[in-house]
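Scroll down for the structure; my scribbles are underneath it.
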Amino acid sequence: MTQRSRKAIIIGAGIAGPVSAIFLKRAGIDAQVFEAWPHSTGIGGGLQIAPNGMHVLAEIGLADEMIRRGSVAEAFEFYSQSGAKLGSINRNMQQRFGQPAVNMCRATLLEAILVTTRRENVEVTFEKRLVHIEDRPDQPVIAHFADGTSAKGDFLIGADGVHSAARGHVIPDVPKPFDTGLIGFGGFVPRSLLDHTAIGRRVETTFGQSGFFGYGFCSPDPRDGVMWWSTQPAHGIDAATYRAKGQDAMKRHLLDFHAGWHDPIPQLLQAAENIVVTATLDVATLPTWSRKRTLLIGDAAHATSPHAGQGASLALEDAMRLGRLMQPGQEPGVTFENFESERRPRAERVVALARRNGNSKREFSATGAWIRDRMLKLLIPLTSKGMDWMYAYDPRGATPPLETSDRRDRQAA
């Protein structure tokens, strides 16, 4: 008699969910993905996939496509508010780590991933908001949705982001994600705004007395081929309040906040449209990532703030490692324990690093900012090698041992 294939119910159609479905399918496990929100294109700002994440995209046939549709980042440079250069990191990434770092539009990446899921015969269903998980012995796991429908499987993967509904099943009364006190704005502007500059294929970022600004090419599209972002102290005003004020008010706020910053920052903000604003949250640690036959991955398990540039890459790593750890006939609980044992130390280290990095983007006195900038100028050349542990990780193979000290993490941007 032919043995029935196991089936995974995956909650969340961001990055981690569909990619994990692809790798589970390749491991002989049927997978179905359910997303709470309607299907939409053009959602989100820009992001960078680091070399460790690009290895995963290569495995599903998307690395070359995203390099073509995005923009390779050949360096990450830091400046003061007045435009004085503070340092540079992340040079020669492809030569050092086997893949480049690539800037891209999040929407472009999500579109490419969904096309790949269809090619791999993975079904993705939208407007299915999870409300309850039922997990009884000797019965299928059942995901119940807000519209009254349900789905059954042999196990369930919660890949539904920082505001995960699946997390509440795994850890009842789980605390809310931690608000770091910073808020992020971002969007895209035409490539022509940087044509007169010498930026090339570098990402340029600026530390202000209060806040942080970054920009770089992310697409060959002349209309919106430059991504930009602003990180600043929230001062008690949440993202929803800014959204309610509307686009014009957000642009005025950004122009006022970054008034006097070096060129081309004012010009980029003058051209900004369709500004996105988000809270900066993280999930530093959870008591467990799984319960019975439900596992959390990606931001549902270990959401990181953007200050280490690793959120999407960690999600891609999770998806690949989960598929590689699946063994025929192995109980899901055993696989989930192995996954958490392997992934937790690395993920929590990145989350902690990102939170520390965010501290350099808070509000300083004039003297404090002056001291910080001079410390950065001294430390960036010394600490850049301390970032290699993130990029050198190759999810295609065994996990390398952790370094015994993370002292060099502490001053990275």
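A few notes on this one:
- All aspartates and glutamates inside 19 Å of LYS152 as judged from Cα atoms, apart from same-chain residues fewer than 8 positions distant: ASP30, GLU35, GLU123, GLU127, GLU134, ASP135, ASP138, ASP160, GLU331
- Size descriptor, Kirkwood hydrodynamic radius, that averages inverse alpha-carbon separations across the range 144-257, Å: 17.9 Å
- Computed accessible area, SER341, all protein chains, 1.4 angstrom probe, square angstrom: 90 Å²
- Other residues lying with their Cβ under 14 Å from the Cβ of ASN121 contribute a combined charge of +2, Lys and Arg counting +1, Asp and Glu -1.
- GNM top mover of GLN270, GLN95, GLN32 - the chain, alpha-carbon springs below 10 Å: GLN95
- In degrees, nearest ten, helix 311-325 long axis to first principal axis of the chain (Cα): 30 degrees
- Calculated FRET efficiency for the pair ASP138/THR367, C-beta based, R₀ 56 Å, to 0.05: 0.25
- Couplings for the range 40-50, taken from phi via the Karplus curve 6.51 cos²θ - 1.76 cosθ + 1.60 with θ = phi - 60°, read 8, 9, x, 8, x, x, x, 8, 10, 9, 6 Hz in order; Gly and Pro are left as x.
- Relative to the longest principal axis of the Cα atoms of the chain, the long axis of helix 16-26 lies at roughly 40 degrees.
- Stretched out straight at 0.36 nm per residue, the stretch from ILE43 to ARG91 would grow longer than its current Cα-Cα span by 14.3 nm.
- Of the residues PRO175, THR108, MET390, the one whose Cα sits farthest towards the positive end of the charge dipole of the chain is MET390 (charges of +1 on Lys and Arg Cβ, -1 on Asp and Glu Cβ, taken about the Cα centre).
- Taking amide H atoms as placed 1.01 Å from N in the peptide plane, the amide H of ALA303 lies under 5 Å from those of VAL283, each 5 or more residues away in sequence or on another chain.
- In sequence order, calculated HN-Hα J values of the range 368-375 (Karplus, 6.51, -1.76, 1.60; Hz; x Gly/Pro): x, 5, 4, 5, 4, 4, 6, 5
- Taking all protein chains together, THR149, THR304, THR285 sort by accessible area into THR285, THR149, THR304, largest first [probe 1.4 Å].
- With every protein chain in place, the chain: carbon and sulfur % of accessible area (1.4 Å): 51 percent
- Against the criterion of solvent-accessible heavy-atom surface with a 1.4 angstrom probe, HIS302, HIS144, HIS39 sort, most first, into HIS39, HIS144, HIS302.
- Set of the range 29-56 residues, backbone N closer than 17 Å to the point 7 Å along the Cα-Cβ line of GLU127: 34-41
- Per residue accessible area in Å² of the chain, where ligands, DNA and RNA are left out and the probe is 1.4 Å: 44 Å²
- The distance between label points at ALA249 and GLU342 comes to 4.8 nm (points 7 Å beyond Cα on the Cα→Cβ vector).
- Packing order of peptides 18-26, 59-67, 322-330, 134-142, highest average first: 18-26, 59-67, 322-330, 134-142 (average count of other Cβ atoms within 10 Å over each peptide's residues).
- Straight-distance crosslink candidates among lysines, where the alpha carbon sits under 27 Å from LYS361 and sequence neighbours closer than 8 are dropped: LYS85, LYS176, LYS245, LYS251, LYS377, LYS385
- The range 48-143 - Kirkwood radius from inverse mean 1/r over Cα pairs (Å): 16.6 Å
- Cα centroid separation - the range 253-300 against the range 108-170, whole Å: 24 Å
- Computed accessible area, LYS152, all protein chains, 1.4 angstrom probe, square angstrom: 120 Å²
- Listed values (1) 26.2; (2) 22.0; (3) 23.2, entry calculated as Kirkwood radius over Cα pairs in Å: (2)
- Magnitude of the charge dipole, the chain, Cβ model with Lys/Arg +1 and Asp/Glu -1, debye to 20: 580 debye
- Restriction of the chymotrypsin sites (Phe, Trp or Tyr not before Pro) in the range 257-340 to DSSP coil positions whose beta-carbon has at most 11 other beta-carbons within 10 angstrom yields no sites.
- FRET E, pair ALA84, THR241, Förster distance 41 Å, beta-carbon r, rounded to 0.05: 0.75
- Acute angle (nearest 10 degrees) that the helix 247-257 long axis makes with the longest principal axis of the chain, alpha-carbon atoms: 50 degrees
- Segment SER5-LYS377, length gained on full extension (0.36 nm per residue, minus Cα span): 128.3 nm
The values are calculated or read from the model by the stated rules, or taken from the named source; none is laboratory data. From a predicted model like this one, the values you see are computed outputs, not experimental measurements. Neighbour counts are summed over all protein chains in view; Cβ atoms, including those assigned to glycine, are modelled from backbone coordinates with ideal geometry. Only protein heavy atoms, including side chains, enter the accessible area calculation; ligands, DNA and RNA are left aside. Shrake-Rupley method; radii C 1.70, N 1.55, O 1.52, S 1.80 Å.
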